[in-house]
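Heads up: the structure comes next, in structure tokens.
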Amino acid sequence: VNDTLHKMQIFVNAVLDGQWHGYTDKRITDVVNIGIGGSDLGPRMVVDALQAYQQQHLQVHFIANIDGTDISNTLEKLNPESTLFIIASKSFTTIETLTNAKTARNWLLNHLHDTKSVRHHFVAVSAKPERAIEFGIAKENVFAFWDWVGGRYSLWSAIGLPIALAIGMDNFHALLSGARSMDTHFRFQPLKANMPVIMALLTIWYNNFYQTTSETIIPYDEHLKLLPPYLQQLIMESNGKSINKDGNAIDYPTSPVIWGNVGSNGQHAFHQLLHQGQQIIPIDFIIALHNHHPLQEQHELLFANCLAQSQALLMGRTKTQAYNELLTEGINESNAKKLAPHKIISGNKPSNTIVMQELNPNSLGSLIALYEHKTFVEGIIWQINSFDQYGVELGKQAATKISAAITSGKGLKDFDSSTESLIEKFKQRS
Ligand code: F6P
């Protein structure tokens, strides 16, 4: 681990100090991370969250989707002579990443016309370094990590290279240090004062004793807008299982569906259901006491709105309270009587409010590690393996077969009628 951190340090400093030059001797101005899932979501979320710590002279971009729109929209803005690509893939077999990497390499060679340019503009991060070298990445440009690092748990490893380039190696170490603080808390705190344990048991209490089916993450912080999609993979890919560690079917639900968006925007989108829907949907509100902008009055309003939501969810409003409020507003008794039932808020809806001093590398590292350990505790209690993801393989296999059928036009009868007709429709597109 320390060898890799040292290699990262040398590389990051060379790029940020302008020592690393492109093929035409230009310093690097843009880094493009090509990866998906755990090779994208964590670094993308952290880079977005820590914009206040963004290094000068360098922009970090992320490409993930096989949809050509993703890479086209990014590359059209960039100069190949000052662009460096990171191909991030634990397996180095993921079709989206390899396809985008080939497109990026063609884009570079269409401008520079010399395969010797690749070593100046491509590095790779993988647990299969030999496959990266086979792809054409110079051996000295490959950053390895290990099979024991789960993809969705990997931003602390060399997969975090775009983070270190974006915020500098010192801040990357601060991120690691924040995570270590939470690791230490988790390891040594008694259970009744142990944050990951308490949060995991709350999830199990609602999920398995109140039959809730989803949980929502609502960061009251624009810089944490990518936290919900990151936590979707961390939690749902770890604990969305039906078989226990012994290979036997389980007859109880495991991971809830994880979703969310930033506050205060959600108040004008989905909070209606949270307040008056019939479902109980536990919520994690996340907010910082201090922010990175000068508009203190707006931060006070943000904070007030965050607390107001959890308070309204808790206390609700009775029909009598609604009726009396309507009378106070000057509504006559007859209309107040009609309208009051529609304004009942049941209350007694659970939420956690996680408060940070400020969003910085250290606190973000602790927050991410908090959810990693929460996910681990849930998996232990549900007696499942939180570190495999066999459920994603069937879709990948099917995509390979369907792609071949689309290209060749053969074997359509091998598919179910729905898939066959949809392939036909695609092939007949004008
Ligand atoms: O979705 C399946 C998955 O294997 C994830 O677990 C992983 O984070 C992602 O695909 C990308 O995998 P790789 O880093 O090997 O390209």
_Output for the range 285-343, where each listed residue is crowded, with 16+ Cβ neighbours inside 10 Å, farther than 16 Å from residue 274 by Cβ and among the hydroxyl-bearing types (Ser, Thr, Tyr)_ = 323
*Working only within the range 144-161, note down all residues that are surrounded by fewer than 21 Cβ atoms within 10 Å (Cβ to Cβ) and within 14 Å of residue 11 (Cβ to Cβ).*
144
*When you scan the range 114-222 for helices (runs of 4 or more DSSP H) that lie fully inside it, which ones turn up with 1 or more residues that are under 22 Å from residue 46 (Cα atoms) and not basic (Lys, Arg)?*
161-167, 169-188, 195-204
*helices (runs of 4 or more DSSP H) wholly in the range 251-370 with at least 1 residues that are among the polar types (S, T, N, Q), closer than 24 Å to residue 200 by Cα and modelled with pLDDT of 95 or more - which ones?*
296-315
*Which residue pairs have Cβ atoms under 9 Å apart, sit 6 or more places apart or on different chains, and have a first residue in the range 1-12 that is in a helix (DSSP H, G or I) and a second that is among the hydroxyl-bearing types (Ser, Thr, Tyr)?*
4/157
*asked:* Given the condition within 16 Å of the ligand (Cβ to nearest atom) and part of a strand (DSSP E or B), answer yes or no: does some residue in the range 227-234 qualify?
replied: no
*When you go through (1) surrounded by fewer than 18 Cβ atoms within 10 Å (Cβ to Cβ); (2) at pLDDT 95 or above; (3) closer than 21 Å to residue 158 by Cα one by one for residue 55, which number turns out not to apply?*
(2)
*Residues 342, 373: which one is more than 16 Å from the ligand (Cβ to nearest atom) and under 28 Å from the mean Cα position of the chain (by Cα)?*
373
*Show the residue pairs that are 6+ apart or on different chains and have beta-carbon atoms under 8 Å apart, the first residue being within the range 16-38 and over 7 Å from residue 82 (Cα atoms), the second being surrounded by fewer than 21 Cβ atoms within 10 Å (Cβ to Cβ) and modelled with pLDDT under 95.*
16/55; 16/57; 18/57
*Would you mention how many residues in the range 1-42 are touching a Phe, Trp or Tyr at 6+ places or on another chain (Cβ under 7 Å) and either surrounded by fewer than 20 Cβ atoms within 10 Å (Cβ to Cβ) or within 17 Å of residue 55 (Cβ to Cβ) (or both)?*
7
*Considering (1) on the phi < 0 side of the Ramachandran plot; (2) within 15 Å of the chain's Cα centre (by Cα), say which one residue 193 fails and leave the rest.*
(2)
_Cβ-Cβ under 6 Å, sequence separation 6+ or interchain: first residue in the range 391-409 and assigned to a helix (DSSP H, G or I), partner of a type outside the set (Val, Ile, Thr). Which pairs?_
405/411; 405/412
_Going through 109, 98 one at a time, which residue ends up being within 25 Å of residue 57 (Cα to Cα), at pLDDT 95 or above and either assigned to a helix (DSSP H, G or I) or away from the ligand (no atom under 16 Å from the Cβ) (or both)?_
109
*For residue 354, all conditions in the list (1) surrounded by 19 or more Cβ atoms within 10 Å (Cβ to Cβ); (2) closer than 30 Å to residue 279 by Cα; (3) touching a strand residue (DSSP E or B) at 6+ places or on another chain (Cβ under 9 Å); (4) not hydroxyl-bearing (Ser, Thr, Tyr) hold save one; what is the number of the exception?*
(1)
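The values are calculated or read from the model by the stated rules, or taken from the named source; none is laboratory data. The structure displayed is predicted, hence computed values, not measured ones. Cβ coordinates were reconstructed from backbone atoms using ideal geometry, including for glycine residues, and neighbour counts include every protein chain displayed.
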